[in-house]
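In what follows, a single structure is set out as structure tokens and then discussed.
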Amino acid sequence: MSQLTDEIKRRRTFAIISHPDAGKTTLTEKLLLFGGAIHIAGAVKSNKIKKTATSDWMEIEKQRGISVATSVMGFNYGDYKINILDTPGHQDFAEDTYRTLTAVDSVIIVVDVAKGVEQQTRKLMEVCRMRNTPVIIFVNKLDREGRDPFDILDELETELKINVRPLSWPINIGAKFKGVYNIFEHTLDLFTPNKQVVTERVEITDVNDPRIDENVGEDDAAKLREDLELIEGVYPDFDVNKYLEGKLAPVFFGSALNTFGVKELLDCFVQIAPTPRPVKAVEREIRPEEENFTGFVFKIHANMDPNHRSCIAFVKVCSGIFHRNENYKHIRSGKFMRFAAPTAFMAQKKNIVDEAFPGDIVGIPDTGNFKIGDTLTQGEEIHFKGLPSFSPEMFKYIENSDPMKSKQLDKGIQQLMDEGVAQLFINQFNGRKIIGTVGQLQFEVIQYRLLHEYGAQCRWEPISLYKACWIESEDDEALAAFKKRKHQFMAIDREGRDVFLADSNYVLQMAQNDFPKIKFHFTSEF
């Protein structure tokens, strides 16, 4: 077996997704704790501990306690190399999360035991279903009062439209929570509410072992046996292949804040989760074990380090081995490029890497060469597809508040748009710049980052628009006629494509009826 096949087998690249406040960042941090990547827990919210690695590192995230940019973290756990992509839970940043899902092989969904499945989680599950991405569910916050575990399982099935199979089971919940029976490994884990230590494990032979009664009491032990019997009766046996096809989701219970049930999740995950999978390009399917390197940019992040005004392009390695300082072809521009300082991430700490394997995420310093969706190869013409930009739903004019700083403002807008935080349209009628976003919070983030990272002040002015749609037509005359009639509502995006800015649903429908030869697109992937 070659080094390449060995390395592919070791890798597990996944994203953690959830609704805000379900405990995603906490879970990420506890996984890092087990991987030896950080040495103290509770570092995300605590201001006392500044030196620890946490996944929310942008200033605005620290102030608000929400993740707004996807962080990438890699660490070793036993024989495995794990790459976690922590995604923003806040729905204003859904687009960033959709793109991240194109770069992972599987997903862990975190659900709050009290709130159950929330709207954002349903949307993200749809993206997983579209791509047949395998999913594991972690039901969190069992140390708080919540709903009956069987009710939660029913809700997961109906809301997420996927079959579930519990692989661990809670003994009580809330104040009476005593621990979890690990169905996957037949062990009993006792709960002690402590954020810094890992729980004690009682070795047992099977569910009828008297040691269960000794540790949790006879009543709870009897209820546990009843529950497990019901589970065996109602739910199918766990089938790894169904999980890998995206048809069955294993479910674990625990409390991430108290580091409880996390190790069980991780131990099972590394055994069953998929290794890097083949990726579809426009031309053909690319298999990870191919010799030649290929990769694509799924995210661009400006100012990872505020002292150096630089962008970093995140590249997912799809096949072959990426080598530092080797010449690779940038397909969109047709140029060959060399990368002297590619990095791998451990939250904010980055290390220069000499090589990376399929499933790994490499950060490449970017001086404006890259766009989201760009492909790098050893020369073969390949285009990876499926990195959509969705049609924005909120729009504002962006104006410069400080005429002395117009250069800084232009550069800031340019870099933030490269990141895919929002979309920029230039109105063809009055030449003004319009920023389109999925949510209100993004306007605040843009304004904050322009000021703090570029020293540029912007102000927002209202504009009443319903939707932006990309238009095209095979009939040049029809296109010209449309643009002439709608000239006040025409804009171009950064790629120079025609965009129609409809100010109401009615206007959009009328336009679609009046101009049958024009195609209207609501994502930029067409």
Worksheet, complete the sentence: Among (1) touching a strand residue (DSSP E or B) at 6+ places or on another chain (Cβ under 8 Å); (2) at pLDDT 90 or above; (3) farther than 30 Å from residue 321 by Cβ, residue 376 falls short only on (3)
Practice prompt. Search the range 292-306 for residues being in a strand (DSSP E or B) and not basic (Lys, Arg), and hand back the single one that is modelled with the lowest pLDDT.
Written response: 302
Practice prompt. Please indicate, with yes or no, whether at least one residue in the range 101-108 is within 14 Å of residue 250 (Cβ to Cβ), crowded, with 19+ Cβ neighbours inside 10 Å, in contact with a strand residue (DSSP E or B) (Cβ under 7 Å, 6 or more places away or on another chain) and not β-branched (Val, Ile, Thr).
Written response: yes
Discussion item. Looking only at strands (runs of 3 or more DSSP E) that lie completely in the range 307-370, which have at least 2 residues being at pLDDT 80 or above and among the small types (Gly, Ala, Ser)?
Written reply: 311-319
Practice prompt. Considering every residue within the range 164-176, establish whether at least one is part of a helix (DSSP H, G or I), at pLDDT below 80 and among the aliphatic types (A, V, I, L, M).
Written response: yes
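Tell me yes or no: at least one residue of the range 292-302 is of a type in the set (D, E, K, R) and either open to solvent by 10 Å² or more (accessible area, probe 1.4 Å) or within 19 Å of residue 340 (Cα to Cα) (or both). Write out each step before concluding.
First, pick out the residues of the range 292-302 that are of a type in the set (D, E, K, R): 299.
Narrowing further to those that are either open to solvent by 10 Å² or more (accessible area, probe 1.4 Å) or within 19 Å of residue 340 (Cα to Cα) (or both): none.
No, the range 292-302 has no match at all.
How many residues does the range 222-247 contain that are open to solvent by less than 10 Å² (accessible area, probe 1.4 Å) and either among the basic types (Lys, Arg) or closer than 11 Å to residue 167 by Cβ (or both)? Give the derivation first.
Filtering the range 222-247 for residues open to solvent by less than 10 Å² (accessible area, probe 1.4 Å) gives 224, 231, 243.
Going one step further and asking which of them are either among the basic types (Lys, Arg) or closer than 11 Å to residue 167 by Cβ (or both), we end up with 231, 243.
Summing the residues that are open to solvent by less than 10 Å² (accessible area, probe 1.4 Å) and either among the basic types (Lys, Arg) or closer than 11 Å to residue 167 by Cβ (or both) in the range 222-247 gives 2.
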Discussion item. Just checking, does the range 211-231 include any residue being of a type in the set (Val, Ile, Thr) and at pLDDT 85 or above?
Written reply: yes
Response to the item:
Heads up, the strands (runs of 3 or more DSSP E) in the range 409-526 (entirely inside) with at least 3 residues that are of a type in the set (A, V, I, L, M, F, W, C) and in contact (Cβ under 8 Å) with a residue 12 or more places away in the chain are 423-427, 467-472, 490-492, 498-502
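The values are calculated or read from the model by the stated rules, or taken from the named source; none is laboratory data. Remember, it's a predicted structure, so these values are computed and weren't measured experimentally. Virtual Cβ from ideal backbone geometry, glycine too; neighbours counted across all protein chains shown. Side chains included, ligands, DNA and RNA excluded: accessible areas come from the protein's heavy atoms. Shrake-Rupley method; radii C 1.70, N 1.55, O 1.52, S 1.80 Å.
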